[in-house]
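Below is one structure, written out as structure tokens; the observations come after it.
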Amino acid sequence: MILLTSDTETKPTQAMRQAIAHAPVGDEQKGEDPTVNLLLERVADLLGKEDALFFACGTICNFVAIKTHTRPADVVLAEQMSHIIRAESGGAALSSGVLMEPIASKRGIFTVNAFEQALERVSTAPYLYRAIPRLLCVEQTHNFAGGSVWQFDQLREVCDFSRQKGLATHMDGARLLNAVVATQTTAKDFAACVDSVWIDFTKGLGAPIGAVLAGTREFISEARRYKHIFGGAMRQAGIVAAGCLHALDHHVERLQEDHDNANYLAQQLSQIEGITVRDTNPETNIVFFDVSKLGLDTGMFLTILQEHGVKMGAVGHSIRAVTHLDISRPDIDFALDAISKIATLGAGPSNK
Ligand SMILES: *Cc1c(COP(=O)(O)O)cnc(C)c1O
């Protein structure tokens, strides 16, 4: 089965398993796991932040970061299709009791103007009545917009404006390293625009578990308490941190291959009759396309595709395909071949 569902579909390589097997370990909860500590130093350095904290996954990084930045009844502003608003089970409301204010955008990357309009909506009523805007969140790269990238200047402009308005800034950097590889801007430069930022080791970097949140010493010290309260403390977590360290050393530059494969997939898909590709030049590793012209809904299409040996996912009414470490160019060709066959047969009897 060719798994294009997500870049989380990777299995640890033999070399990563070796690194995991030989990792020195200690008590993470007490700050005594040497492998976790090494990973935190490496990530803090990569992101140019004072301190960092190890988590099992990205969702809890957002959950804890929002809690650390806000007080209940504050407003958190984020792009309207951001992962924080659309795909975290309402976690920000649960952890932090905050109101979310969506910011409009075309492809996940919003302008200062759109942000200002959202801030004005929040500030319509007199001080007594309005909720206080406290935090701006940005997503790099933007998942549901198709892995779109904030260019450095766009990001800096929006974050500078946010700071002038007295808000804290947080980056959901699940795929920040994809943006780094796509733009040649350093992770440090992107991260300097925001107060807190995290990266995910299970999105394309090929690790089985792990995300690291970074910020000032003070921010991380406070975040550590919330991580503990919410059940995020671990013991011999070096076992998994070793996989993350291995990913940092071996799986970052190769993200370019995933971007090239996504580009090839998008280009070739756009040649198939009945397939509408949202962006034929995807910036990173995510491709969205539409199959309604084939007379198939997304569910039917995915079921038939799976019978042909290929798995993809759906986001709303679009199909989403994500390239990663375990996907080669021949795998993409196999998937294209399967989709060509489905497109030729359309919604005919053999496809029902
Ligand atoms: C996957 C993802 C998350 C959540 O990360 P997990 O490690 O799956 O919990 C958050 N934000 C974005 C943009 C993501 O793509």
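The values are calculated or read from the model by the stated rules, or taken from the named source; none is laboratory data. This structure is a prediction, so every number in the text was calculated from the model and none was measured. Every residue, glycine among them, receives a Cβ derived from its backbone with ideal geometry; neighbour counts consider all protein chains shown.
All conditions in (1) assigned to a helix (DSSP H, G or I); (2) surrounded by 18 or more Cβ atoms within 10 Å (Cβ to Cβ); (3) β-branched (Val, Ile, Thr) hold for THR303, with the sole exception of (2).
Selection over the range 172-198 of residues that are more than 10 Å from the ligand (Cβ to nearest atom) and either assigned to a strand (DSSP E or B) or acidic (Asp, Glu) (or both) gives a count of 4.
Cβ-Cβ contacts under 8 Å between residues 6 or more apart (or on different chains), taken from a first residue in the range 36-62 that is within 20 Å of HIS22 (Cα to Cα) to a second residue that is within 16 Å of the ligand (Cβ to nearest atom) and aromatic (Phe, Trp, Tyr), are listed as VAL36/PHE54; LEU39/PHE54; LEU40/PHE54.
For the structure I just gave you, tell me whether GLY26 is within 23 Å of VAL158 (Cα to Cα), touching a residue at least 40 places away in the same chain (Cβ under 8 Å) and either part of a helix (DSSP H, G or I) or small (Gly, Ala, Ser) (or both).
Numbers: within 23 Å of VAL158 (Cα to Cα): no; touching a residue at least 40 places away in the same chain (Cβ under 8 Å): yes; either part of a helix (DSSP H, G or I) or small (Gly, Ala, Ser) (or both): yes.
Judged against the criteria, GLY26 is not a match.
Being more than 15 Å from LEU46 (Cβ to Cβ) and either touching a strand residue (DSSP E or B) at 6+ places or on another chain (Cβ under 7 Å) or not hydroxyl-bearing (Ser, Thr, Tyr) (or both) is true of GLY274.
Please go through the range 39-57 and give me each residue that is part of a helix (DSSP H, G or I) and over 22 Å from VAL25 (Cα atoms), ordered by number. Explain how you work it out, then say what you get.
Pass one, the range 39-57, residues part of a helix (DSSP H, G or I): 39-47.
Selection gives LEU46, LEU47.
Scanning the range 4-23 for residues that are in contact (Cβ under 8 Å) with a residue 40 or more places away in the chain, hydrophobic (A, V, I, L, M, F, W, C) and surrounded by fewer than 19 Cβ atoms within 10 Å (Cβ to Cβ) yields one hit, ALA15. All conditions but one from (1) modelled with pLDDT of 95 or more; (2) within 15 Å of the ligand (Cβ to nearest atom); (3) out of contact with any His (no Cβ under 7 Å at 6 or more places or on another chain) apply to GLU101; the one that does not is (2). For the range 256-271, the condition of being out of contact with any strand residue (DSSP E or B) (no Cβ under 6 Å at 6 or more places or on another chain) and part of a loop (DSSP other than H, G, I, E, B) holds for at least one residue.
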